[in-house]
Structures are given as C-alpha cells and as structure tokens.
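Remarks on the structure that follows.
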C-alpha cells in the first residue's frame, strides 16, 4: 500500500503521444481515470470521468432529438434467434458477433442473442403498434448496452465486447421523408462531434462493402485520429423497406389502402470518448473540450501557512463566483499545489485558476489554459466573463487545430503507388474509385486500408480513373486504415 | 387493419379497478402505452410514456446524488462465476436467479453471469482503486439493466426477467459514516416516492429473513397498493465489511495502518412505475403524479368549422403561454375532441385545457383536473398561475388520498386469528413479533404474508407478546402479502 502523495511521479505519463501513441492512449485512459480494464475478457469499466463525458453527449443528443420529436424507450436485451434470420443480410452480417444464451426452461426453445443491435426486436413491436398513417412517423430512440462477442482484446472505448450506445429507429410514410431524416440525424452527429466535442468530421456515404447489414445506404461521420487511423463516429442507415417486409410492418394510408412504410436507424457510441482522448490529448494527459467537460474549471489555492484561512476562503469565493462552470475547488491540505496542478492537467480540466497571497492582495486570479499553458492575471471583477470567453475560444482553437492536422494528414492521390506510400505514411487518402466491391477488397488486402466514405462534397469525377484498377471512376472517396 | 378513429370504444378499459385489479392494471399499462409484452418470455418493452416516467425519476435522483457527491459510472454486464462464490451468503441468495453465458473461447474458462446485481464486479475494481484514506469515501452509482432469470410470467414493471434500475455502491472509512449514509440514501428514496410520485411509504428495517444476501442490515421503503399487496419500492443495505473481506479492499488510514473499509449499496428500479399505476390510476386509466408527468397539460381546441383557424391559433397561444408545463397541443383534425379527451384521460395527463369559441370570446380557458374531473373557467391572464397552483394541489391531494387509503387498509392486530382474517381481507397488518426466523417462516406458510419492515417509528413493545408464537415480542412490525 502506497501513500498517494508520494505517487505523483508514477502517476504521470511515461511515454509521449508522438513517441508511442497506442501506449500513450492507454495510459491516458487509465491514469486520467476515464476507464479501467475489467476482469472479463474484452470488457471495460467506464469510470466516473468517462461516464460524465458520456452523460454530456447524452444530454446534448437528448435535447436535439426531443426537438426532432423522437422519444426514448427501452427494448429487451434478449433477441430470439429466429428474429435474426428474418432479414437475410442482417443475419449474415451479425452472425459472428453474437453472444448466445441458452433457453434452459424450454428444451425445444430457441436460443436468445444478447443484442448486438436492436432492429429485429424493435421492429417486431413496431409491427404490432403501427396500424394507420396516424401512427406515423414513429420515432423512437434507445440508450442501452450492446454486446459484440467477437472482440478479444479490448482497446478502451474504441473496441470492447460490451459498450454503451444509442440507437434511433424511425418509421415513415414516404421514402422521401425517410431519406431526408436519415441525413438529418447524421447532421445531429456532426453537431455532437464538432460543436460539443470540437472534433472535425467528414460526412459522407459508406461504400456497399462497408454499409450496415440490412441497409440500402449507410451515412457516416468520420474523423482522422493523430495516428493516421480513421474513426467512424456515428452512422445513419436508410433501411428502405427490407425490415418492414421481414417484420410485416404495414399501415393503412390516407386513401384507406394498405401500405408498407420506410425506415431508418442511427447510432453513436461510447467510442466518442476515445475520439476525445486521441484528438485533443497531449503529453501531459487528457485535454477536455470545454463544452463537454463536466468540470470546466479547477480552482487551486496556493496555500501558505500564515494566510491559510484567508486564501482558502478566497478560493472558495472564486468557486462561488464561477459556479456555472461547475468548478472543482481543491482546498485539500494533504496534497501540494504542484500535485494538484499535475492532477488537473492529467485529467484535462480546461482551465486552472490559481489564487495565492499576491493575487488576493491584488484582487485577481491566475487563469491557466490546459491546452496552451497560457497564463493570464485577471481581475476578479472580470473573471467570470473572462472564463466564459476563454472556454469558447479554447473550443474554437481545439477544433481549428484538429482541422488543420487532419488536412495535413490527408493526401490527394491519383495512382496506386502514391496510394500505398500514403497509407504506409499513416495518411488518409482522398482519391477516385471505380465503386467495384472486389476492387475495394483487393485494396484492403494489399494495404489494410478501407473506404471511409464518399464525401457529400465530392468533386466531378468525369474522365477520371480508379486509383487501383484503371476502370472509370465512379466517385471520389476517402481511404484509410481504421479503428 | 382498423381505422384508429373507430377504435376509441375498444381503446378504453373493459374492467374497473375495484372489479378486477390485476386485469385493470395490465390494461392500463398496455392501453396507456406505458409498456408492452416482449416476444421473449418474462421480458417487457418499456414504451415512451413509461420511459419518460423513468427519466423523471432518473433526473430527480441524479440531482439528489450529485448533491451527495455520488458520481455515475458503468461496470460490465458479465460477472465471472468465481466472483459470486467469494461472498457466501450473497452467492447462495442469488444462485437461482442467474442467467449464465458460456465462455466459448476458453474451454476451461469459467461461465459468466449476466448481472443480477453488481456488488461483486464493482468491488473487484474497488479493491484496485482504493489505497489510502484519501480515496475515501468512494461513492459510485450505476444506471443499468438487470437480469433475474427465475421470473417466468411477466407482470409489467413489477416482475420481469430484465428490468432497469440504479445501484449505488459506497465505501467509507468508518462504520458510523457508512451507517449514517445507508439511511440517507433511503431518505432519498422516500423523497422520490413521496415528493415526486405522491406515493406514501413506510420506512424501516427488513427482518433477517428478508434482508439482502450479503448485508448485515437492509432498510426499505414500503408502500401498500390498493389490492392490499405491499410493494418494496427501494432498499438500502449496510454491507458492513463482508464484501471488503471477500474482495480484499483495504486502505492505509491516517495513522499509516492498513484498515478495512465499510460499505453500503442501495437500489431502486422501474418497479416504481408500477407503483404509480396502482396507486393513482382509476377506472378511466392512468393518473400521473403532476411533478413526474412528462406532459403536465394537454390543450384541446374545440373545433367548429366556422372558426377553425382562430380556435387552433388560440390553442397554440395557450400552449405557448404554458410552455414550462411541456403541454401537448393537440390540433389534429383527424380525431374528435371526445376522442382526445378519452385519450388524455387514459394516459393520465394531469390537466386538460379546452379552448372553444365561447372561451375565445371570453378570453378564458376551461381547466379540467384528471383525478377529480373538476372543471374551472379561468381567465387567460391568470391561467399560468392557476395551472401551477392546481398541479401542486393535485400532487398534495393525490398523496393525501393514498395516505388515507393506506391507513384504512392497515390493521392493528394482537392475536393470530385477527392476523389471518386481516390478511384474508387484503389488509396490511401492524403487530408485534418475536423476531424469530422460523416463526416468520411458519406465518408465511400459513398466510402467504411476509414481514415488510420494522418501522423506524416503532412504539414500545415491553410486556407484549409475539402475534404468532406467544414468545416475548422483540419489535413492532408490518406483515402483508407482497409483489
């Protein structure tokens, strides 16, 4: 058993982000207490700081979807085996990922899957609930845990057997409305990534090979991490009528005729937290995007024995003044100021505010930005406004910095030699492709790069050729190795 | 396929609450769209209205526990079999309830339980995290799904294989602090039940027979439903040091010595929603306690073809005026006003506000209370204040009404003949008991009544005898049949 006050040296990171990013990532997750390994293979524990970030994401998405008329609900963890086989592509796609529970009460009974996604169990109920055009649109979201058994080695937040997510499942009268809203929920994900988490993303369409099993079109937001790997941050699927057919969902339309509705589904997971760490973190640890940080400020009194009571009181007053930023006011005696500085840097608190004897005298506080280390002496009368502005500025600068990095790490290539070199150099590639499934597979086998998305803002490809097979290009597309 | 507008007769309840309460209960849950049966034995679907009530409970408890310094986190769904056996009583208590998943990757590997409660998986991590007195108290809560496999027949919200709950798990330096907080979280549950849901409860201690497997003391809030069955609404367990021993949790105290900490755990589930239905519902359907109702008001324009546009506009203005009460403003053309009245009565919306041509003329609205049917004509200038006051009044009156019913359904008995008759008459019994485990079991076998709790406000039992065995009474206690 160790006295924690002596642990401060071992608490810091032992590698740099540039030097060994996988090890750096794991150390940040563990030492900033975002997550921990679980005693179950492939599983993780989400610790309070990690969960608080998830809650910030939940709160924001809940606010958005409430505006959009989506309500939350909860469907069973268990799915009968027969449900999976009803939609053939879906069944095939999820087959290797499912954990099964035997149905012990009923020897002849079918097995239950532990949900790897909930289309089938939800649409069985939808088939019962939807009768008339008056019941449409039906827009339901679920926050829940998901199990995908094929994962062996956990990568905290990014890959684990169990994770948390939300899945929205909507049903519409028309294909147009369905498609429009499929894109709308993708836009909500862009807002979460960019406006809440300061993570720039590319919006686009998944290739046929990479789309969701059971969808006709999958839209995605993709970001590029500093190690050159792409991360899919959220997807929205246009399911067309495949599941409606499989689960016998129909409605009486306004003319009294029986019609089949159109569906979409869309999901986003605790992966987002991994993207925060990778995108913004540095050699001192985590850097939290200010809008999502549960505590935006840490107030640290610089305690000298002589004026101890007064300084602690001054720090508490600063805490009260800044209460809208949910400050941590750390007046603990058993840790030094230096230890506290390290701790809040490791944990990524956006602003540190120091209050010492001189500051007290001058009626000011010292404001230190986590990302840049910039130190400013701010009069108490202006502190609240200064903090609000600095947090917003920090959001913008984190976003811009990541945007510039992604631009610098994205390479335009037209020939396959260039393609291979760029992927080897850990870049994301923007190029043109024939759209052929087999060609895409060969590229994956040669380079381990997959198609990320056909961007919405795609230029004209007329006259251009596929980067790999020389056939005519069908679209511009991003390739990268991916998480 | 049926046109919904013709369904209104079949949508209403076909039995009365007094006439057939079990059937009435199921019909309310289904027809008010709180929940539905799932295609999996023993499981249920929580529909948006049911989930919104759960969210109201979540929001309130999250606000309370944030004040109390408890943070949310998430631990794995799967628990290694060996963890269960570490705390003997706990293992024995949960044995019949566990669903197991085979560990297919590892032929010699142990099975995984799907969590029936998370003490063991959480305390394994606690053992790693807690080193020094500086790490205490550690106060973590988890919102999650729970599986208890022994359930065969689902009773919506009240009994199902899978349900949602929260479980708080705290660790303290001293027994005193632990015990004090065990009672504090019970008080939080009382606040949720009484102050949010208007459901009166009795607070007390569970008997040895009824306590949580692994606790030294279980505290409970109990309510009595109108069918004479008691419902346990939340429990808080003083775990003492049993789990700390089993999971090797220790800390260096302020004197530098290794010490063993003290623990509690406390939980509350989606059962609460069943209690709302049973306590407040009536022959027209659900009655929602105003503070928890997601929509506190439904505004229904009384549409006449001539003034249609104006009336709809007036209804929308009333909606805007009352927006803090998250009103439903139902301007749909395809349903009659009568259909809408029935719908919002069935769904328990606390206040219905009608706006018709005459009201428009008089600059007033009609306010109808769901529970009493009281109808008031209120000038628009006073409407907002009137609604706020009426909702609070409704909360108080719902609570008082339930309190009086429970008092009337609780019988003081001193002899066993009286006891048996009272239980047969579907009453809760307040009596004295010897405290003997076997005596309690015999009473259960004879009457199907179990001990509910030894109330905190218990009178003196000196000189009194046990209601059953004539031994000296140890305490006053409540007995009832229970959910």
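Rule-based calculations on the coordinates, nothing more; no lab input. All values derive from a computational prediction rather than experimental measurement. Here the Cβ is made from the backbone with ideal geometry for all residues, glycine too, and neighbour counts use every protein chain on show.
Taking the longest Cα principal axis of chain A as reference, the axis of helix A:337-346 is set at about 10 degrees. Between residue A:208 and residue A:320, the simple spin-label model (points 7 angstrom out along Cα→Cβ) gives 6.8 nm. Per-residue shielding of B:93-101, expressed as the average number of other chain Cβ atoms within 10 Å of the residue Cβ, stands at 2.
For chain A, the longest principal axis of the alpha carbon atoms and the long axis of helix A:308-321 meet at an angle near 40°. Taking the Kirkwood radius as Rh and the Cα radius of gyration as Rg, segment A:227-333 has a ratio of Rg/Rh equal to 1.36.
Relative to the longest principal axis of the Cα atoms of chain A, the long axis of helix A:175-190 makes an angle of roughly 20 degrees. Considering all C-alpha pairs of segment A:197-264, those separated by over 16 Å amount to 59%.
The calculated P(r) of segment B:19-280, using every Cα pair and 10 Å bins from 0, goes 7, 28, 35, 21, 7, 1, 0 in percent. Radius of gyration over Kirkwood radius for the protein assembly as shown, both on Cα atoms: the Rg/Rh ratio is 0.98.
Remark: relative contact order (segment A:16-280) = 20 percent; criterion is Cα-Cα distance under 8 angstrom and separation of 6 or more residues. Taking packing as the residue-averaged number of other Cβ atoms within 10 angstrom, the listed peptides B:445-451, A:222-228 run from highest to lowest as A:222-228, B:445-451. Label-to-label distances for residue B:326 across copies, nearest first, come out at 1.9 nm, using points 7 Å from Cα in the beta-carbon direction. The calculated FRET efficiency for residue B:396 paired with residue B:361, based on their beta-carbon distance and R0 = 51 Å, is about 0.90.
Mean partner shielding of peptide B:162-170, defined as the number of other chain Cβ atoms within 10 Å of each residue Cβ, is 1.
Rg and Dmax, both from the Cα atoms of chain A and both in Å, are 25.4, 85.
Label-to-label distance for residue A:332 and residue B:456 is 3.1 nm, based on points extended 7 Å past Cα in the beta-carbon direction. Report the normalised scattering of segment B:169-218 as log10 I(q)/I(0) at q = 0.13, 0.27, 0.32 Å⁻¹, calculated by the Debye formula with identical scatterers on the alpha carbons. Relative scattering, expressed as log10 I(q)/I(0), comes to -0.38, -1.07, -1.14.
Here the contact order of chain A, divided by its residue count and restricted to Cα pairs under 8 Å and six or more residues apart, works out to 14 percent. Each peptide in B:461-471, A:244-254, A:295-305 receives the mean, over its residues, of other Cβ atoms within 10 Å, and ordering these scores from highest gives A:295-305, A:244-254, B:461-471. Look at the stretch B:45-54: the mean tally of other chain Cβ atoms within 10 Å of its residues' Cβ atoms is 5.
By DSSP, the beta bridges lying fully in the protein assembly as shown are antiparallel in about 85 percent of cases. Where a ≥ b ≥ c are the square roots of the eigenvalues of the C-alpha gyration tensor, would you call segment B:301-392 rounded, which needs a/c under 1.5, or, failing that, prolate if a/b is larger than b/c, or oblate? The shape class here is oblate. Once a ≥ b ≥ c are taken as the square roots of the eigenvalues of the Cα gyration tensor of segment A:6-165, is the result rounded (a/c under 1.5), prolate (a/b larger than b/c) or oblate (a/b not larger than b/c)? In terms of gyration-tensor shape, oblate. For residue B:361, inter-copy separations between label points set 7 Å beyond Cα along the Cβ vector come to 8.0 nm, shortest first. Every helix of 4 or more DSSP H residues in chain A counts as -39500 (n - 2.57), and over all residues that averages to -10500 deg cm²/dmol at 222 nm.
Here the contact order of segment B:20-103, divided by its residue count and restricted to Cα pairs under 8 Å and six or more residues apart, works out to 12 percent. For segment A:410-480, the orientation-averaged shadow of the C-alpha convex hull comes to 4.0 nm² (one quarter of the hull surface). Comment: the Cα-to-Cβ extended label point of residue B:338, at 7 Å, lies 8.3 nm from its counterparts in the other copies, nearest first.
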